[in-house]
Structure formats: C-alpha cells, structure tokens
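K.L.:
Would you mind keeping the following structure in view while I ask a few things?
The values are calculated or read from the model by the stated rules, or taken from the named source; none is laboratory data. These numbers come from a predicted model, not from an experiment. Note: ideal-geometry Cβ built from the backbone for every residue, glycine included; neighbour counts use all protein chains shown.
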Amino acid sequence: MAVNQLNRAFARAAADTSESAAHAAVTISARMPVLMAGLIVPSAAGYAAWTEAYTEKVEAVWLGVMAASAAWGAAMAQAAFLPPTPMGLAEEVMRVATIAAKPSRRKAKANARRYARG
C-alpha cells in the first residue's frame with residue numbers, strides 16, 4: 001500500500017467517525033427525554049428505553065469484536081507465510097479497525113434514521 005493510499009484510508013476513517021458522531025448525536029437527543037424521565041419517575045417506557053440502548057451497544061461491540069478477531073486472525077495467518085512490510089502491516093491494521101467499527105456505525109446510522117423519522 002502506498003503512502004497516499006494509507007492517507008486516504010485514514011481520511012476515510014476520520015470521515016466515517018465524524019458521520020457516526022453525527023448519527024449518535026441525533027439518537028442521543030431523541031432518546032434523552034425518555035431516558036431522563038425514566039430516572040426521575042421510573043416507568044416501563046423508561047426501563048425499556050434503557051434496556052434497548054444498553055443491549056444495542058453491547059450487541060454492536062460484540063459483533064465488532066468477533067469480526068475484528070476473524071480479520072486479525074486471517075491477517076496473521078497470511079503474515080506467517082508472507083511477512084508484511086511496514087506499509088502492509090499498517091494497511092492490515094486499518095482494515096481490521098474498519099471492520100471492527102462497522103457494526104457500531106451501522107447501528108448508529110439505523111438509530112438516527114429511525115429517530116429522525118419520528
């Protein structure tokens with residue numbers, strides 16, 4: 001991988017992270033009234049909102065961990081037979097990081113879309 005390609009990969013990762021931050025802001029602002037109301041006066045809706053928010057995050061993290069583990073294992077198996085160059089290793093690390101973040105980004109985008117519709 002050339003330096004320019006690696007720079008583009010870093011720039012794309014930064015853009016993806018910024019997009020996910022915007023999606024998270026939409027979701028948090030939509031969920032906050034229900035979450036805070038559930039803390040002040042416990043209710044079934046508040047409990048359900050807290051449970052949904054928590055389980056979505058845990059699910060996204062575990063999906064990312066499993067995908068990253070598989071990608072890293074494949075990269076290391078390949079490296080056992082063909083040692084990577086420093087640029088090749090940087091490319092693999094960026095690829096694994098992108099794969100690990102994909103489930104969380106997908107979930108954040110879906111939540112933002114759902115809450116933006118009303």
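K.L.:
Would you check which residues across segment 18-56 are free of Cβ contacts under 8 Å to residues at least 60 places away in the same chain and closer than 27 Å to E91 by Cα and list them?
P.N.:
If the condition is that a residue be free of Cβ contacts under 8 Å to residues at least 60 places away in the same chain and closer than 27 Å to E91 by Cα, then S18, A21 are the ones that fit.
K.L.:
Sticking with this one: So which residues in segment 7-27 are among the hydrophobic types (A, V, I, L, M, F, W, C) and either exposed (fewer than 13 other Cβ atoms within 10 Å of the Cβ) or out of contact with any helix residue (DSSP H, G or I) (no Cβ under 6 Å at 6 or more places or on another chain) (or both)?
P.N.:
Within segment 7-27, F10, A11, A13, A14, A15, A21, A22, A25 qualify.
K.L.:
Sticking with this one: Of the conditions (1) modelled with pLDDT of 85 or more; (2) farther than 20 Å from R114 by Cβ; (3) surrounded by 11 or more Cβ atoms within 10 Å (Cβ to Cβ), A30 satisfies every one except a single condition; which number is it?
P.N.:
(2)
K.L.:
Looking at (1) without any contact (Cβ under 8 Å) to a residue 12 or more places away in the chain; (2) assigned to a helix (DSSP H, G or I), which is the only condition P84 fails?
P.N.:
Failing condition for P84: (2).
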